[in-house]
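Inspection log for the structure reproduced underneath, given as structure tokens.
The values are calculated or read from the model by the stated rules, or taken from the named source; none is laboratory data. A quick note: this is a predicted structure, and the numbers were derived from the prediction, not measured. Note that each Cβ is placed from the backbone with ideal geometry, even for glycine, and that neighbours are counted across all protein chains shown. Surface accessibility is based on the protein's heavy atoms, side chains included, excluding ligands, DNA and RNA. Shrake-Rupley method; radii C 1.70, N 1.55, O 1.52, S 1.80 Å.
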Amino acid sequence: MAERNNETPEKKAGLIRRVWRWWRRPSRLALGTLLLLGFVAGIIFWGGFNTGMEVANTEQFCISCHEMRENVYEEYMESVHYTNRSGVRATCPDCHVPHEWGPKMLRKLKASKELYAKVFGLIDTPQKFESHRLAMASNEWARMKANNSQECRNCHNFEYMDFNAQKTVAAKMHDKAITEGKTCIDCHKGIAHKLPDMREVPNGF
């Protein structure tokens, strides 16, 4: 038993030396093994990352904190985007997260800053939420104006609108918007959420 115990450190040292030599001077088999392991690890990482992104891009995730669930979500439930005669629903990520991969990643990075408000309780009561509503709305309006209301245009597009099938006022306003180069958010603020006090809206909105 004593001899077996004495041999154990030597065997471990020998194993470490062999692994180190294999790492320093890899054979073709070793390189192939490394490439295979890297490939498998990449698939696992990408699968996990993509799954996490999909989970974070659902309505349930968006309303998992009470600040969203008890304020803007209740407003959204009263809107035509939540329930309508056709049964087509636009959920939170449909309107607030770009569909394209690059812009989506950028939006997620920017949204991570919003966790600050959650962690430090900046909007954890209806009163606090209302006091920040204008700033939050203005940031979202600016984002949507900058990307030409891309999320809106994923479903609504001037190019495919039949103005003859629209009400006279709607057709007139849409035609005017095209002429003046306006985008959806220029006219459709408050389409799904209560508007803030517009007396303090920054210039450009």
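Using a 1.4 angstrom probe on heavy atoms only, work out the carbon and sulfur share of the accessible area of the chain in %.
Working: 9370 of 15280 Å².
Here carbon and sulfur together make up 61 percent of the probe-accessible area.
Over the chain, with the other protein chains present, what is the accessible area per residue in square angstrom, probe 1.4 angstrom?
Values: 15280 Å² over 205 residues.
Result: 75 Å² of accessible area for each residue.
Counting Lys +1, Arg +1, Asp -1, Glu -1, what net charge surrounds Ala192 among other residues with beta carbon under 13 Å of its beta carbon? Write out the running numbers ahead of the final one.
Numbers: positive: Arg89, Lys189, Lys194; negative: Glu59, Glu74, Glu75, Glu78, Asp94, Glu140, Glu151.
Here the count lands on -4.
Greater than 28 Å separation of Cα atoms is the criterion. Which listed pairs, Lys110/Lys194; Lys110/Lys182; Lys104/Lys182; Lys108/Lys145, meet it?
Working: Lys110/Lys194 23 Å; Lys110/Lys182 25 Å; Lys104/Lys182 23 Å; Lys108/Lys145 18 Å.
Beyond 28 Å: nothing from the list.
Taking C-beta distances below 4.7 angstrom as the pairing criterion, name the unpartnered cysteines of the chain, in sequence order.
That list is Cys65, Cys95, Cys155, Cys187.
Trypsin sites (Lys or Arg not before Pro) within region 120-205: which are DSSP loop residues with at most 12 other Cβ atoms inside 10 Å? Don't skip to the end; give the middle numbers.
Working: sites: Lys128, Arg133, Arg143, Lys145, Arg153, Lys167, Lys172, Lys176, Lys182, Lys189, Lys194, Arg199; in loops: Lys167, Lys182, Lys189, Lys194.
Hits after loop and neighbour filter: Lys167.
Mean shadow of region 106-198, computed from the convex hull of its alpha carbons, in nm²? Show your work: numbers first, answer last.
Working: hull surface 29.9 nm².
It is 7.5 nm².
Less than 13 Å Cβ to Cβ from Val119, Lys/Arg counted +1 and Asp/Glu -1: what total charge do the surrounding residues give? Mind dumping the intermediate values first?
Numbers: positive: Lys113, Lys118; negative: Glu67, Glu114, Asp124.
Taking every Cβ under 13 Å from that of Val119, the sum is -1.
Could you give me the ³J(HN,Hα) list for region 54-64, computed from phi with Karplus coefficients 6.51, -1.76, 1.60 and θ = phi - 60°, whole Hz, x at Gly and Pro?
Here the 3J(HN,Hα) series is 5, 5, 6, 10, 10, 4, 4, 5, 4, 9, 5 Hz.
What list of ³J(HN,Hα) couplings, whole Hz, do you get for region 84-89 from phi and the Karplus terms 6.51, -1.76, 1.60, once you set θ to phi - 60° and write x for glycine and proline?
7, 5, 8, x, 8, 10
Given springs between every Cα pair under 10 Å in a Gaussian network model of the chain, which of Arg69, Arg18, Arg89 has the largest fluctuation?
Arg18
As an exercise, take the mean of 1/r over every pair of distinct alpha carbons in the chain, invert it, and state the Kirkwood radius in angstroms.
Values: mean 1/r = 0.0457 Å⁻¹.
21.9 Å is the Kirkwood radius here.
In the Gaussian network model of the chain, springs joining C-alpha atoms below 10 Å, which of Tyr82, Tyr160, Tyr73 carries the largest mean-square fluctuation?
Tyr160
What does the charge count near Lys176 come to, summing +1 for each Lys or Arg and -1 for each Asp or Glu among other residues with Cβ under 15 Å from its Cβ?
Details: positive: Lys167, Lys172, Lys182; negative: Asp175, Glu180, Asp186.
The answer is 0.
Which value, in Å² and to the nearest 10, is the accessible area of Trp46 when all protein chains are kept and the probe is 1.4 Å?
120
From the backbone phi of region 94-101, what are the Karplus-calculated ³J(HN,Hα) couplings (6.51 cos²θ - 1.76 cosθ + 1.60, θ = phi - 60°) in whole Hz, Gly and Pro given as x?
Along region 94-101, the couplings run 4, 9, 10, 10, x, 7, 5, 4 Hz.
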